[in-house]
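Below: the structure, in structure tokens.
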Amino acid sequence: MGETGSVEPPSPASPVTSDHLDGLATVLDLVRTGAARTRPELGRLSGLGRTVVTQRLGQLTGCGLLEEGRLGPSSGGRAPRELRFRAEAGVVLAAELGATSIATAATDLTGRVLARREEPGDVALGPEVVLDRVEELFEELLAELGGGRAVWGIGVGLPGPVEFATGRPSAPPIMPGWDRYPVRDRLSARYAAPVWVDNEVNAMALGELRAGAARGQQDIIHIKIGTGIGAGLVSGGRLHRGSQGCAGDIGHAAVADDPVVVCRCGNIGCLEAFAGGSALARDGAAAAKEGRSEFLATRLAERGTLTAADVATAAQSGDRTSVELLTQAGRLVGSLLATLVSFYNPALVIIGGGVSGAGDLLLATLRETVYRRSLPLATRELRITRSTLGDEAGLVGAAFMVIDELFAPERLAHWIDTGSPAGRPALVEIPR
């Protein structure tokens, strides 16, 4: 058994060269993305010779990734058979853990969601309790799909810093008991499949890049404004995680020196402590108790507590205090985002997370602040828009995190074995 609980593949008869792997990856990507549907199209788009294309197709069909189906359209002569990526051959399990929610999904090998479960959850209950529930939800998803579908990989997004190389959280401020917990090792042992773990904002950014508002883009920033605040960075079409995996942790950047407001991380002045969902709920409750908002006071009396969504609803109803709270949050996030825009020069900024659904007010304030405070050249062609995937962004991104890794060129060498198309090709964990 390998490090992740997967079966070690047989040793190849001869070393697989980098050119060989690149050819395999090219052929596979062209077919699974739909760019090429026949052998002639593969040859034309890949630049590979007919013999090489035939060899690579033979290997990929032999390990169950591709198949040739019905006859395609003919441009003269015998019609070529259409090539198809076997998306249904395996299942990817994805989980996104927020501060107050658990979302899980099962997808096919193209990232299409086949089944989904979402429910309230408290990440502060600790890894044993939370991951026990995640595994229960995974089992429900697999039972719903039926047929003993093989799990080919698992992706997990966590609401805190993650050391991507080890799949372990690293001193996450809102996740007591999770520091250095072996999330990857636990899940890989349970499901005998490779597992990748990342910050949930990175997963959201990847989801938008592969299937959402950022498709076709190369340089983006995804800002999540929820209970906490974070940023996912994409550079040159790839996630930028930084040397230790904590790039984009803007929620704990200092924006004030107020010693009264202490962030959950223990520091003062953090952006999250002034503009995150918990901050909006806290300030909304204070306004209700002080008599500055009749709307929030009524809601507080009815429910006994307030959320950021209540503040958003109040603002949309014309409550002046709530409008001021959202505007102030938008300015704070916008000011820091303006610095990132001038520094990083993205083509697109996507705003996601629960608080992003607060109507046009927050987005308008963000845009105004960024365009006013950033360098003119950096904003000349900049677009700032909401997430198109909404609350599915993190789940879709966690699935694509797995898919991207499974079909990376350096891993394809371990897919060339004697496995039948009906089964799962042998996998091993490749250090990243």
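The values are calculated or read from the model by the stated rules, or taken from the named source; none is laboratory data. This is a predicted model, so every value here is computed, not measured. Positions of Cβ are backbone-derived with ideal geometry, glycine not excepted, and every protein chain shown enters the neighbour counts. For the accessible areas, the whole protein counts, side chains as well, though only heavy atoms, and no ligand, DNA or RNA atoms are used. Shrake-Rupley method; radii C 1.70, N 1.55, O 1.52, S 1.80 Å.
Side notes on the structure shown:
Okay, residues lined up against (1) modelled with pLDDT of 95 or more; (2) β-branched (Val, Ile, Thr); (3) farther than 23 Å from Pro194 by Cβ:
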position	(1), (2), (3)
Gly352	no, no, yes
Ser356	no, no, yes
Gly359	no, no, yes
Leu363	no, no, yes
Glu368	yes, no, yes
Pro376	no, no, yes
Arg380	no, no, yes
Gly397	yes, no, no
Ala408	no, no, no
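- Complete set of residues in the range 209-246 that are touching a Leu at 6+ places or on another chain (Cβ under 6 Å) and free of Cβ contacts under 8 Å to residues at least 24 places away in the same chain: His240
- Residues in the range 262-308 that are open to solvent by 60 Å² or more (accessible area, probe 1.4 Å) and among the charged types (D, E, K, R) were compared, and the one that is nearest to Ala329 (Cα to Cα) is Arg282.
- Scanning the range 89-106 turns up no residue that is acidic (Asp, Glu) and either part of a helix (DSSP H, G or I) or at pLDDT below 90 (or both).
- Residues in the range 195-238 that are surrounded by fewer than 21 Cβ atoms within 10 Å (Cβ to Cβ) and either of a type in the set (D, E, K, R) or touching a helix residue (DSSP H, G or I) at 6+ places or on another chain (Cβ under 6 Å) (or both): 4 in all.
- Hits in the range 255-293 - residues which are in contact with a strand residue (DSSP E or B) (Cβ under 6 Å, 6 or more places away or on another chain), over 18 Å from Val323 (Cα atoms) and not charged (D, E, K, R): Pro259, Val262, Cys263, Ile268, Gly269, Leu271
- Tallying residues that are assigned to a strand (DSSP E or B), more than 20 Å from Phe138 (Cα to Cα) and open to solvent by less than 10 Å² (accessible area, probe 1.4 Å) within the range 151-194 yields 2.
- Matching residues in the range 335-370 - criterion: being under 18 Å from Ala308 (Cβ atoms) and assigned to a strand (DSSP E or B): Ile351, Gly352
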